[in-house]
Amino acid sequence: MSTARRADAGVPTPAAAAVRRLLDLLAADAPAEELAGRATRTLADGADDAEAAWIEETTRVALSVRRVLDQYRRREAELVALFDTAGDLAGLRDLDAVLRAIVRRARTLLGADVAYLTLNDPLARDTFMRVTDGSVSAAFQQLRLGMGEGLGGLVAQTARPYASTDYRTDRRFHHTGTIDDGVAEEGLRGILGVPLRVGEEIIGVLFAADRTPREFAPEAIALLGSLADHAAVAIDSARLLDETRSALVRLEAANETARAHSEALHRASDAHDRLTRLVLRGAGTDDVAAEIAGLLGGGVAIHDTDGGELARTGTGPVTPSAEGLAASRADGRAVHADDAWTCAVLAGTEPLGSITLTGRADLSEAEGRLFERAALVTALLLLLRRSVAEAEDRVRGELLDDLLAGPTAAGHWDAGSLALRARRLDVNLTRPHTVAVLDCEPSQRPRLAAETARKARGLGGLAGTRHGLAVLLAPGDRPGDLARALAADLTRALGSPVTVGAAGPGHGPGRLPALHAEAVRCLRALHALDRAGDGADTADLGFVGVLLGDRADIASYVERVLGPVLAYDAERGTELLRTLHAYYEQGASLSRAKDSLHVHVNTVVQRLDRVAQLLGPDWNTPARALETHLALRLHQLTRGHQLTRGPAGGPAGPRPGPNGPSPAGPSMAG
């Protein structure tokens, strides 16, 4: 039956049936292969040439419609993926999660075996692997690509997308052993990379790759570029969010610090006001120490520059840490050392003392500042006390100067008035007093005067300067001991030698000028004897002191030099003194001494050995021999005693003992 007759009879022609089936397949979303197969079977069913041409044209149109529909669906899927990515960015909380989602979508949308993302490192000048999806090689996941190295390094350097159908054989790129080994271990062949761009800055590269050679279509490159733009936005947003969060954290920390600082400042200011009011009301160091202990919750001790305790509360006796005190003096801060806090009390750079806080293992910054403010207030207190002391020292110095001046040429000198002035200063001149004159190198004399005044206050005496030398008047009857103690203490305090000459004791104002003159002579003698840094009275100077003193106590001098020998002879009836005299009279000759004594030389030796035991092993040194010989002479003169002379002018023989004449042999060696 012809085509016309079949149409007239209402029977579908092969062409019409083929078109209907093509439309049904399109409606059923059949694949392009099935559309083409259906058309081929229709032609095989016996359509004529005109119908076959029409069916073939219709099939081409159907396939074209199929391709358009596929493109729309693919574009729809891409748009959905991009929309989902934008939604993820809108709710960005975790950058890593967003980047993993982008890489996973890139792999899915491009149908790639592997997708990955690298970020640039400006310091290292390379790009490193950040996120991967589908990768199985650890070496590949740890790759770093230098700028210009490999496909990714070239994208990062040029900011342009690059695709390679087969990277292994593509010579357009700079291959390196590390990159090629990683790519080979992952098994990648076709690779596409697009830049991650934030404004004009390239921050990394997004990749899609297959393990077989692949030609990437422009649509695939555009799609990956869109995903890369979203990834760049995610990274930049995350960076800005992190910066915002960091700024907020810093701002909160700054606010907290400001609040804490304000509170600490308020507390420190309040404490400073309380301590200052204490000082201005005339409170002492005990009151200030108690207030500091209450503020800081520990024990407090206040010391002067010599370590002497001025006040203490809530703690046992403590010694300021030398290391902590030195560090605190250097920077003016509180220092923790030896289980205690130490803060130097300073007036500018001048040390006035220290405060020690015990019972606190640590201090907050605010408490440390409070402790340091307490040291400032303590410095104010000590300065006020020093000002009062200096005013009192001036009064005491004027009194001392009047006491030492003695009667004027006109004889105007009221000892009673001076004694009354001394009484008002709690100085009782009827008690025995010692006068000490002190000297040091000229540059240290002002400081020596201040230290001497401080010593005088402690001793209950007076201090001042006279003729450029520091003078101290103190109660006591041991001038030599006072001189030595002053020399040692003040040498240590000044760090340079302090020489002290002393005289005394004396009673009443009238004796003081003479004592001062004697102390000055003693000081000059110490300098002449090259004993700088030493302290002594005239008695300590031996025969020099006898010569210098205006009250020469010869008996005391003889007793001090020869006392042990005199006592030994008196107790045992021996003749050590006579033997010693003969020894010196004969020019220290043993043979001539034994002839003058009419004894054996061994007796002389034995007696002199006993003398050495009594006077010390250095009794016969030149200096001691001079002292001893002088004492022997003075002993003869003061007692009006002449040793008995024998016949022919020689010394007589042994004096009779209580039981008759004493033998002259070795048994009389003493």
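The values are calculated or read from the model by the stated rules, or taken from the named source; none is laboratory data. Small disclaimer: the values here were computed from a predicted structure and weren't measured. With ideal geometry, Cβ positions are generated from the backbone for all residues, glycine too; neighbour counts draw on all protein chains shown.
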For Ala253, state whether it is assigned to a helix (DSSP H, G or I) and surrounded by 13 or more Cβ atoms within 10 Å (Cβ to Cβ). no
Expected single match for in the same structural domain as Glu350 (by TED's automatic domain parsing), among the polar types (S, T, N, Q), touching a residue at least 12 places away in the same chain (Cβ under 8 Å) and surrounded by 12 or more Cβ atoms within 10 Å (Cβ to Cβ) among Thr313, Thr276 is Thr313
Taking the stretch 519-569 only, how many residues are at pLDDT 75 or above, over 21 Å from Leu482 (Cβ atoms) and surrounded by 14 or more Cβ atoms within 10 Å (Cβ to Cβ)? 10
Is there a residue being more than 15 Å from Ala379 (Cα to Cα) and surrounded by 12 or more Cβ atoms within 10 Å (Cβ to Cβ) anywhere in the stretch 239-249? yes
Of the numbered conditions (1) crowded, with 24+ Cβ neighbours inside 10 Å; (2) in contact with a Pro (Cβ under 9 Å, 6 or more places away or on another chain); (3) not β-branched (Val, Ile, Thr), Pro513 satisfies every one except a single condition; which is it? (1)
Quick one: what pairs do we get from the stretch 446-459, first residue farther than 19 Å from Gly476 by Cβ, second surrounded by fewer than 20 Cβ atoms within 10 Å (Cβ to Cβ), C-beta under 8 Å, 6+ apart or different chains? Arg447/Leu494; Leu448/Leu494; Ala449/Thr465
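Per-residue answers, yes or no, for (1) closer than 18 Å to Thr176 by Cα; (2) within 50 Å of the chain's Cα centre (by Cα):
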| residue | (1), (2) |
| --- | --- |
| Leu110 | no, no |
| Leu123 | no, yes |
| Leu145 | yes, yes |
| Tyr162 | yes, no |
Determine whether Ser226 is surrounded by 11 or more Cβ atoms within 10 Å (Cβ to Cβ), under 24 Å from Leu188 (Cα atoms), touching a residue at least 40 places away in the same chain (Cβ under 8 Å) and among the hydroxyl-bearing types (Ser, Thr, Tyr). yes
If Asp126 satisfies all but one of (1) in contact with a strand residue (DSSP E or B) (Cβ under 7 Å, 6 or more places away or on another chain); (2) within 12 Å of Phe207 (Cα to Cα), what's the number of the condition it fails? (2)
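Out of curiosity, is Val183 part of a helix (DSSP H, G or I), assigned by TED's automatic domain parsing to the domain that holds Ser164 and in contact with a Phe, Trp or Tyr (Cβ under 8 Å, 6 or more places away or on another chain)?
Values: part of a helix (DSSP H, G or I): yes; assigned by TED's automatic domain parsing to the domain that holds Ser164: yes; in contact with a Phe, Trp or Tyr (Cβ under 8 Å, 6 or more places away or on another chain): yes.
When the stated conditions are applied, Val183 passes them.
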Within the stretch 87-108, the residues that are under 50 Å from the mean Cα position of the chain (by Cα), modelled with pLDDT of 70 or more and not β-branched (Val, Ile, Thr) are Asp94, Leu95, Asp96, Ala97, Leu99, Arg100
Going through (1) closer than 18 Å to Met147 by Cα; (2) not basic (Lys, Arg); (3) not assigned by TED's automatic domain parsing to the domain that holds Arg105 one by one, Glu201 fails only at (3)
Can you name the residue in the stretch 352-367 that is hydrophobic (A, V, I, L, M, F, W, C) and crowded, with 16+ Cβ neighbours inside 10 Å and, of all such residues, is farthest from Leu383 (Cα to Cα)? Leu363
Which is within 18 Å of Leu380 (Cα to Cα), among the aliphatic types (A, V, I, L, M) and crowded, with 19+ Cβ neighbours inside 10 Å, of Val318, Val300, Val335? Val300
Have a look at His629, His600 and point out the one that is modelled with pLDDT of 85 or more and either touching an Asp or Glu at 6+ places or on another chain (Cβ under 7 Å) or surrounded by 13 or more Cβ atoms within 10 Å (Cβ to Cβ) (or both). His600
Output yes when any residue across the stretch 529-536 is free of Cβ contacts under 8 Å to residues at least 24 places away in the same chain, over 20 Å from Arg396 (Cα atoms) and not in a helix (DSSP H, G or I), and no when none is. yes
Where in the stretch 276-366 are there strands (runs of 3 or more DSSP E), lying fully within it, with 2 or more residues that are among the aliphatic types (A, V, I, L, M) and under 30 Å from Ala258 (Cα atoms)? 335-337, 340-347, 350-358
Looking only at the stretch 127-177, filter to residues that are part of a helix (DSSP H, G or I) and β-branched (Val, Ile, Thr); which one of those is farthest from Ala97 (Cα to Cα)? Thr169
Of the conditions (1) surrounded by fewer than 16 Cβ atoms within 10 Å (Cβ to Cβ); (2) in contact (Cβ under 8 Å) with a residue 12 or more places away in the chain; (3) closer than 29 Å to Gly464 by Cβ, the single one that Thr349 does not satisfy is (2)
